[in-house]
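The block underneath contains the structure these notes are about, expressed in structure tokens.
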Amino acid sequence: MQNPVTVEVTRGKLVESRHRGMGIVVDGDGKTVFAFGDVESGVFLRSACKAMQALPLVESGAADAYGFADRQLALACASHSGEDEHVALAASMLERAGRDASALECGAHWSSDQTTLIHQARTRDRPTALHNNCSGKHSGFVCTCAHVGYEVEGYVGYDHPLQADIRATMESLTGAALGHDNCGIDGCSIPSYAIPLRGLAHGFAKMVTGQGLEPIRAKASRRLMEACMAEPFYVAGTKRACTKLMQVAPGKIFAKTGAEGVFVAALPEQGLAMAVKCEDGTTRAAEAMIFALIARHFDKASETHQTLMAMANKSMRNWNGIHVGDIRVTDALFA
């Protein structure tokens, strides 16, 4: 199956670039509400599934043992920009477990956000693992290991008991078999799995509705998603897509991006979840797709719908402020 063109980028009166993609919306039972493209093909979930990976932190009792509130839980699900607040909070999470940045195995990198990168370059010689966009997730991993008695060193490895716990959790949620055959290594060094986009969306639909989940998992899922919606800055950062999406309609939209054009969202009031993948891995297209797909589920006359569609279809200006073209979603998202 050839995926449809879902996003076009214009320059002047002409289409300069086209992005193909796939996407699906499902309810808690896994029923398809809307779909386009090959949603059965394997897609690496990347950071889009971080809320799933954070479940052992809550289910094990580690989050309560260390007194974590919404802010810490949101950071455990985050791909943050490495802003000062993110770095400080990750460090404080580790401190509660008697650890420091040396326990993190995610590696170090400068922020991908230009403003934050300039600030970092002005204030320090080099980034640390705390500046890694995954440091909140990894701090949660370290805290989970420390609480349950797992060896912290090597926690990123496929055979580590924490990764086995995460693998079992994700299999239960997505219905997909996870193993060496569909496993790669993520940017932060933990295992990353390729599964059908349908399974990713259904997993988040279960998390947002609690359908088909044991009470402890349903409660933990609700707690993590509510934490992210309550503290969207700590899920991403200033002017980031995930943060802006959850600020459009507080408490009504959960959203999480992943590398290579993956994006998930859930709508608690509607009991729906969705996932998209831009075939060529372009973030601008994945963002436009998820914005438009969420907008479908809000009344067209509402301010929320209009705001989301303005985010999906936006103008591009050059360095002199001259309008040069537009990013726009196609009818494939509204068929």
Exercise for review: Can you pull the one-decimal nm distance between simple spin-label points at Thr10 and Trp110, each 7 Å off the Cα toward Cβ?
Suggested key: 3.6 nm
Point to revise | Length gained when the stretch Asn182-Asp29 is fully extended (0.36 nm per residue, less Cα-Cα span) | key: 52.6 nm
Check your understanding: Do any GluC sites (Glu not before Pro) in the stretch 108-194 lie in a loop, going by DSSP, with at most 15 other beta-carbon atoms within 10 Å of their beta carbon, and if so which?
Key -> Glu151, Glu153
Check your understanding: Quick one: length gained pulling Arg18 to Asn313 fully straight, 0.36 nm per residue minus the C-alpha distance?
Key -> 104.8 nm
Exercise for review: Report the residues of the stretch 1-17 in range of a label on Ile322: point 7 Å along Cα→C-beta, backbone N strictly under 19 Å from it.
Suggested key: 10-16
Practice item. Mind ranking 66-78, 17-29, 86-98 by how tightly packed they are, going by the mean number of other C-beta atoms within 10 angstrom, highest first? Key: 66-78, 17-29, 86-98
Practice item. Report in % the part of the accessible area of the stretch 219-335 that belongs to carbon and sulfur, leaving out ligands and nucleic acids; probe 1.4 Å. Key: 49 percent
Review point. So which trypsin sites (Lys or Arg not before Pro) in the stretch 258-307 are both in a DSSP loop and have at most 14 other Cβ atoms within 10 Å of their Cβ?
Key: Lys300
Check your understanding: Averaged over all directions, how much area does the convex hull of the C-alpha atoms of the stretch 201-335 cover when projected, in nm²?
Key -> 9.2 nm²
Practice item. Could you run the Debye sum over the Cα atoms of the chain, one equal point scatterer each and no solvent, and tell me log10 of I(q)/I(0) at q = 0.06, 0.08 Å⁻¹, two decimals? Key: -0.20, -0.35
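For a protection proxy built on the mean count of beta-carbon atoms within 10 angstrom, sort 242-250, 177-185 highest first, please.
242-250, 177-185
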Review point. Do any chymotrypsin sites (Phe, Trp or Tyr not before Pro) in the stretch 263-335 lie in a DSSP loop with no more than 12 other beta carbon atoms within 10 Å, and if so, which?
Key: Trp319, Phe334
Revision key, fill the gap. Both in Å, the radius of gyration and Dmax of the C-alpha trace of the stretch 6-51 are 14.9, 45
**Study point:** Pair Asp125, Asp64: separation of 7 Å Cα→Cβ label points (nm)
**Key:** 4.5 nm
Exercise for review: Multiply the residue gap between Glu151 and Ser302 by 0.36 nm, knock off their C-alpha separation, and tell me the result in nm, one decimal place.
Suggested key: 49.3 nm
Practice item. Kindly point out, ordered by number, any Cys in the chain whose beta-carbon has no other cysteine beta-carbon under 4.7 Å away. Key: Cys49, Cys77, Cys143, Cys145, Cys183, Cys228, Cys242, Cys278
**Study point:** Calculated [θ] (222 nm, deg cm²/dmol) that DSSP helices of n ≥ 4 give over the chain, each run adding -39,500 (n - 2.57)
**Key:** -11500 deg cm²/dmol
Point to revise | Residues of the stretch 5-333: accessible area per residue with a 1.4 Å probe, Å² | key: 41 Å²
Review point. When the C-alpha atoms of the stretch 138-258 are aligned to their principal axes, what extent does each axis show, in angstrom, from largest down?
Key: 40, 29, 27
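The values are calculated or read from the model by the stated rules, or taken from the named source; none is laboratory data. All of these numbers come straight from a predicted model, not from anything done at the bench. All Cβ positions, glycine included, derive from the backbone under ideal geometry; neighbour counts span all protein chains shown. When the accessible area is computed, the model is the full protein with side chains, heavy atoms only, and any ligands, DNA or RNA have been set aside. Shrake-Rupley method; radii C 1.70, N 1.55, O 1.52, S 1.80 Å.
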